[in-house]
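The values are calculated or read from the model by the stated rules, or taken from the named source; none is laboratory data. All of these numbers come straight from a predicted model, not from anything done at the bench. In this analysis, Cβ positions are derived from the backbone assuming ideal geometry, glycine residues included, and neighbour counts consider all displayed protein chains. These accessible areas exclude ligands, DNA and RNA; they are computed on the full protein's heavy atoms, side chains included. Shrake-Rupley method; radii C 1.70, N 1.55, O 1.52, S 1.80 Å.
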Amino acid sequence: MFERLSEKLESVFKKLRGHGSISPELIKATLREIRLALLEADVNYKVAKELERRIEERASGAEVAASLTPAQQVIKIVRDELTAILGGTFTPIQFAPPPSVTPIMLVGLQGSGKTTSAAKLALRLTKEGKRPLLIAADVYRPAAQDQLRTLGEQIGVPVFAERGVSPVELARTGLTHAKHHALHVAIIDTAGRLQVDETLMAELRAIKEAVNPTEILMVADAMTGQEAVNIAAGFHKEVGLTGVILTKLDGDARGGAALSIRSALGVPLKFVGVGERPEQFEPFHPDRMATRILGMGDVLTLIERAGETVDREQAQELGRKLRKKGEFDLEDFRQQLLQVRKMGSISSILKMLPGANKLKLDDAELDEKQLVRVDAIISSMTPHERHKPQIIAASRRQRIAKGSGTTVTDVNRLLKQFTQAQRMMKQVSKMTAGGKGAKGRPRLPWG
Ligand SMILES: Nc1nc2c(ncn2[C@@H]2O[C@H](COP(=O)(O)OP(=O)(O)OP(=O)(O)O)[C@@H](O)[C@H]2O)c(=O)[nH]1
Ligand SMILES: [Mg+2]
């Protein structure tokens, strides 16, 4: 859903990377583009404005980490602020202190996904070891209760439903039923309306009064766009929301609503629905969402890790070398290994690079002992061999194995790993070259 926004932001960052130093004017222009990208993605203009203000404040401040380039710095700030505006960290469900039953009320417009989400939430709580009850307080359409019953059977959660009673009465007796059966949570599915109308609100207020819910979650359809913010505001004013479940994120909504609700209302997004099936439900993690929107795989994590451990000058030197095709030799490989050892395994690093997940890398055995061996093998080579590994034929391999106290198999394996890494580095350098990269492949935010 955030593809277009991601694309836009990526091109903004790409431009930024073309500049060695970043002037206040450049920051302003960048921020303007970011704001336009957000607005185009249907983000509420107040939210976009606020995000811009926050980024500007930090970007123009003296906050500079030596390990990052100015462009990386700005990207990191954007990521941090986007995370903050999405709510910072995951906000879990609040439970009533045991042995009380925790009543959770789901509200929302017709067809937003309340009944489906009720079952999804119940299944999730079951997996956490809780025993939930589903209460079918949508009494107006017999089919609504049947729908919940069917879902309950599917996921093995009891459903409380009765015909011919008011929603308030049903919610109340359902809760009592949960207490008597020593269940932990009572999830109340309510009826939806096409509009936020007074009758619906009065009914919801009455249910709230009757069961005193620990959580009142609004279920919002991501496809609603901007309007979702207004609808949520209406519900919040009338019944007081404690959280939002955003459904149909698997659809092709532009997603702006997701970015706006939390910031506009101060109500956290708690879960997202990503499909029709009961297990297609995920906790909402603002940080992960921000990274996803920035469209960089886990590359920001990589920036952070690299920032902690790799000396920036060395990283630049390597980047420069990599950009010159074919200049990556065994000496670099050895340096790389030593550097990488500080950061984690090679594969774990490479996997974080966009596009790299498609490449196979067989370095499972690159543990500490291996590194010592690799070091010994490379030391037994002549400088010429290190620079041009392709000249290392069978006889040379035997000599190197002997000289390093290893076997020809070890030497072979090393050369194979080197070839893989070399290929990998070529790809990465294409990605970092900006402009020269293969079409469609994401680029690294530095370079
Ligand atoms: N693709 C997708 N479909 C969803 C998701 N959540 C719900 N749906 C579908 O949306 C439709 C409406 O879902 P319901 O759970 O019946 O919605 P509701 O809010 O209970 O509707 P009313 O009770 O009529 O107000 C169903 O076809 C669901 O399968 C989701 O996260 N992704
Ligand atoms: Mg329903």
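Could you check, for segment 213-222, whether at least one of its residues is small (Gly, Ala, Ser) and either farther than 19 Å from VAL244 by Cβ or part of a strand (DSSP E or B) (or both)?
Within segment 213-222, one or more residues are small (Gly, Ala, Ser) and either farther than 19 Å from VAL244 by Cβ or part of a strand (DSSP E or B) (or both).
The residues in segment 142-171 that are small (Gly, Ala, Ser) and away from ligand 2 (no atom under 16 Å from the Cβ) can be counted, and the count is 3.
Annotation note: of ALA315, ALA258, the sole residue that is surrounded by fewer than 22 Cβ atoms within 10 Å (Cβ to Cβ) and modelled with pLDDT under 90 is ALA315.
Of the candidates THR176, THR190, the single residue that is away from ligand 1 (no atom under 16 Å from the Cβ) and at pLDDT 95 or above is THR176. Take the conditions under 33 Å from the mean Cα position of the chain (by Cα) and open to solvent by less than 10 Å² (accessible area, probe 1.4 Å) and apply them to LEU134. Does it pass? Yes. When VAL78 is tested against the conditions (1) free of Cβ contacts under 8 Å to residues at least 60 places away in the same chain; (2) away from ligand 1 (no atom under 16 Å from the Cβ), the lone failure is (1).
Rundown of residues vs (1) touching a Ser or Thr at 6+ places or on another chain (Cβ under 6 Å); (2) more than 30 Å from GLU198 (Cβ to Cβ); (3) crowded, with 20+ Cβ neighbours inside 10 Å, yes/no style:
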position: VAL78; (1), (2), (3): no, yes, yes
position: ALA84; (1), (2), (3): no, yes, no
position: PRO98; (1), (2), (3): no, yes, no
position: THR102; (1), (2), (3): yes, no, yes
position: MET105; (1), (2), (3): no, no, yes
position: LEU109; (1), (2), (3): no, no, yes
position: THR115; (1), (2), (3): no, no, yes
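Inside segment 1-37, residues that are assigned to a helix (DSSP H, G or I), over 15 Å from GLY256 (Cβ atoms) and free of Cβ contacts under 8 Å to residues at least 40 places away in the same chain make up a count of 11. Tell me, yes or no, whether segment 114-124 has at least one residue that is modelled with pLDDT under 95, within 8 Å of ligand 1 (Cβ to nearest atom), not in a strand (DSSP E or B) and not polar (S, T, N, Q). There is no residue in segment 114-124 that is modelled with pLDDT under 95, within 8 Å of ligand 1 (Cβ to nearest atom), not in a strand (DSSP E or B) and not polar (S, T, N, Q). The set of residues in segment 31-52 being open to solvent by less than 10 Å² (accessible area, probe 1.4 Å) and over 21 Å from GLY225 (Cβ atoms) consists of LEU31 alone.
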